[in-house]
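Dropping the structure in here first, questions after.
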Amino acid sequence: MRRLGYTEDVPTSTIVILDFGSQYTQLIARRIREFNVFSVVLPCTVGLDQVRALAPAGIILSGGPSSVYDADAPAADTEVLELNIPVLGICYGLQFMVHHLGGTVESAARREYGHAQVEIVRETKLFRGLEGELDVWMSHGDEAKILPEGFVLTAQTPNALAGIANEERRMWAVQFHPEVAHTRQGTELLKNFALDICAAEPNWTPEHFIQATIERVRAQVGETGHAICGLSGGVDSSVAAVLVARAIGNRLTCIFVNNGVLRKNEFAKVQRTMRESLGLTVVAVDAGERFLAKLSGITDPEQKRKVIGNEFIAVFDDEARAIFEAEKSAGEEIAWLVQGTLYPDVIESSSVHGPSHTIKSHHNVGGLPADMKLKLIEPLRDLFKDEVRRIGRDLGMPAEIIERQPFPGPGLAVRILGEVTAERVAMLQEADAIVVEEIKAAGLYSRVWQSFAVLLPVKSVGVMGDQRTYANACAIRAVESEDGMTADWAALPEAVLRRISSRIVGEVRGINRVVYDITSKPPGTIEWE
Ligand code: XMP
């Protein structure tokens, strides 16, 4: 399938990150991009031709969980070390360099994990401007013992080597992780590498991306081509739609489906914003009853997801086909489908862990009629979430969309434990609206990753006025997270919790008890189902 992306013609100043499987690899790319330098993550096994084709200004070898001396250790083509392009090795990347350039790496007598103090013992371009001792984040069980010829020690901890360099060959490496927030001055170190050592041009700016994407979409779709796009109301699909609409105007038709488990007033609100503020052409399909009928009697979380997913595809297909037929009889034809796929999914689907980590099912609309032969436009497939927000802001999109917390595709259905009924949806919509309102009023909405209410399948006794009540319990969940993969429960101010609780019990008929979820992820998940 032909895919529209941006990277295909990025000319210069790219930093290539070869991924050896570290959980922090994506973070390296994000940090580099914060300096407006474009960076891509490629699996370490990528062919040398592909690396060369990008004409990288620099190469970073990531960390990874393996030992370089293991038989099945992930390895890159060692020719990447011979390209006369600056190379920075991080953790496993350092060990890979040492191992393949004639030094030795062994299991360390003392594993280093967590905070460490690093002393710079030799001036290098990499450490220029860094002051005093470095507070760094370590995570390794192996260490370099004998350095390859031409390499010198540049930094050390009380236990072990922490940095090496061969400036003549333009190679630097650190045993710690400069990309993680725990490493103070890590950003400066990466900046030294990208901007000074590699002399990468900081031309990866929102304006540049927007302009290039619009031109590219215009060229691909042509003067007469038509496209459709499924809107969820969330930031990704909205930004994707706005970008494509900037390129082809009202030849983009957006489809927005009410699946019956949206938030309070969301169906009307999203339509209004999309049409009035963003000028998009939107076909809104109110299929709430159809979804709720299908959900009747279902309590299993995965079953709920399946039902909603399948029903969504059925509704979307019907609408897409109707638009397709209408266009066809008007002598036009829809040839493109816009999707809001993000870079982490792209990386994941080609990661060193293998293709088993394929793109998450909710990113595939799937099942579209084969005769429509739609080609994909994925204008965000080179972006991280925070970059999508930046682009959205630069496109002049309203904060209510850009700052929106993630909301799962199956919506409130996975926050109503037990059966999903119209009555329970309405109850949770009210409770949820109060949570959002209070979190926003306290100025916490963009500071927490997600904050919401969950309706429990539990009734308990209460007392209101002089009356005994026997009604539903609801849980409040608020978490802090970088990417949704791990999360800490948020210690919301007591006053905010107090207000949320008393408002829900006072205002939402059917709920008489509110509890607060204090489970982090792992071991919990963010959603309850
Ligand atoms: P969990 O609950 O797995 O959630 O910790 C991680 C992130 O993913 C969102 N989520 C979903 N998003 N379809 C989606 O589009 C789903 O089925 C789904 N389940 C969870 C969740 O809200 C959180 O941001």
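The values are calculated or read from the model by the stated rules, or taken from the named source; none is laboratory data. Treat the numbers as computed from the prediction; the structure is a model and nothing was measured. Here Cβ is always computed from backbone atoms with ideal geometry, including for glycine, and neighbour counts include all displayed protein chains. All accessible areas refer to the heavy atoms of the entire protein, side chains included, with ligands and DNA or RNA removed. Shrake-Rupley method; radii C 1.70, N 1.55, O 1.52, S 1.80 Å.
Please enumerate the residues belonging to the stretch 505-518 that are charged (D, E, K, R) and within 16 Å of the ligand (Cβ to nearest atom).
The answer is 517, and nothing else.
Yes/no per residue for (1) of a type outside the set (A, V, I, L, M, F, W, C); (2) in contact with a strand residue (DSSP E or B) (Cβ under 7 Å, 6 or more places away or on another chain):
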position	(1), (2)
433	no, no
463	no, yes
477	yes, yes
486	yes, yes
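Residue-by-condition table, conditions (1) touching a Cys at 6+ places or on another chain (Cβ under 7 Å); (2) among the aromatic types (Phe, Trp, Tyr); (3) more than 20 Å from residue 62 (Cα to Cα); (4) crowded, with 21+ Cβ neighbours inside 10 Å:
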{"site": "122", "(1), (2), (3), (4)": "no, no, yes, no"}
{"site": "127", "(1), (2), (3), (4)": "no, yes, no, yes"}
{"site": "136", "(1), (2), (3), (4)": "no, no, no, yes"}
{"site": "153", "(1), (2), (3), (4)": "no, no, no, no"}
{"site": "160", "(1), (2), (3), (4)": "no, no, no, no"}
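Among the residues of the stretch 390-407, write down those that are open to solvent by 30 Å² or more (accessible area, probe 1.4 Å) and in a helix (DSSP H, G or I).
390, 393, 394, 399, 400
Anything in the stretch 414-431 that is surrounded by 17 or more Cβ atoms within 10 Å (Cβ to Cβ) and farther than 30 Å from residue 245 by Cβ? List them, or say none.
Hits for the stretch 414-431 are 414, 415, 416, 417, 420, 424, 425, 427, 428, 430, 431.
Of these, 521, 459, which one is open to solvent by 30 Å² or more (accessible area, probe 1.4 Å), within 12 Å of the ligand (Cβ to nearest atom) and either of a type in the set (A, V, I, L, M) or closer than 22 Å to residue 301 by Cα (or both)?
521
Filter the stretch 478-496 down to the residues that are modelled with pLDDT of 95 or more, assigned to a loop (DSSP other than H, G, I, E, B) and either within 9 Å of the ligand (Cβ to nearest atom) or surrounded by 18 or more Cβ atoms within 10 Å (Cβ to Cβ) (or both) and list them by number.
490, 492
I'm trying to understand the selection: among the residues of the stretch 402-424, which are away from the ligand (no atom under 16 Å from the Cβ) and either over 16 Å from the mean Cα position of the chain (by Cα) or farther than 22 Å from residue 526 by Cα (or both)?
Listed by number, the residues that qualify are 418, 419, 421, 422, 423, 424.
Of all residues in the stretch 420-467, how many are at negative phi and either part of a loop (DSSP other than H, G, I, E, B) or of a type in the set (Gly, Ala, Ser) (or both)?
19
Pick from 83, 94, 48: which is touching a residue at least 40 places away in the same chain (Cβ under 8 Å), within 22 Å of residue 194 (Cα to Cα) and of a type outside the set (Gly, Ala, Ser)?
94
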